[in-house]
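Before any comments, here is the structure.
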Amino acid sequence: MSILLCHHGNVASAPALDAAISAVRVQGGPLLVLDCMEEGSEAGEHLWRRLETVDIPFEVVPLRVGQDPASAVLETAAERGCALVVLALAQRGAGGATVGPQASRILLECPVPVLTTTAPQEG
């Protein structure tokens, strides 16, 4: 069963990618990356470089035009029979991670467990 990573290419995505790779190594199965990055993002190059350095099977699936990330995660997790979804939460000031409307929907409606990560706060 696949591990699904929702990847936005922001600072919070790096720890989520690491967690997803670790989950694949522990549970087996391929890593399925839902690419939610803006077109032409330099973060895409970082994602490919990182995936090429690890010895795990992976597939990168682009977000369809007009589809919101939450719908894409929920549909992909169900259609592909994923075992786990890995989701990065954004850090917002000193209060810690913020769960926005897309992440909230995934957490509440996802048919499989969701692992959340955050980037370390600077300073």
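Screening Val73 with (1) outside any helix (DSSP H, G or I); (2) touching a residue at least 60 places away in the same chain (Cβ under 8 Å); (3) touching a helix residue (DSSP H, G or I) at 6+ places or on another chain (Cβ under 7 Å) gives one miss only, at (1). For Ala78, the conditions (1) among the aliphatic types (A, V, I, L, M); (2) over 22 Å from Pro15 (Cβ atoms); (3) at pLDDT 90 or above; (4) in a loop (DSSP other than H, G, I, E, B) are fulfilled apart from (4). For segment 13-64, the set of residues classified as surrounded by 14 or more Cβ atoms within 10 Å (Cβ to Cβ), modelled with pLDDT under 90 and either part of a loop (DSSP other than H, G, I, E, B) or polar (S, T, N, Q) (or both) consists of Ser13, Gly29, Cys36, Met37, Ser41, Leu63, listed by residue number.
The values are calculated or read from the model by the stated rules, or taken from the named source; none is laboratory data. Values in this document were obtained by computation on a predicted structure and should not be read as measured data. All Cβ positions, even for glycine, are placed from backbone atoms using ideal geometry, and neighbour counts span all protein chains on display.
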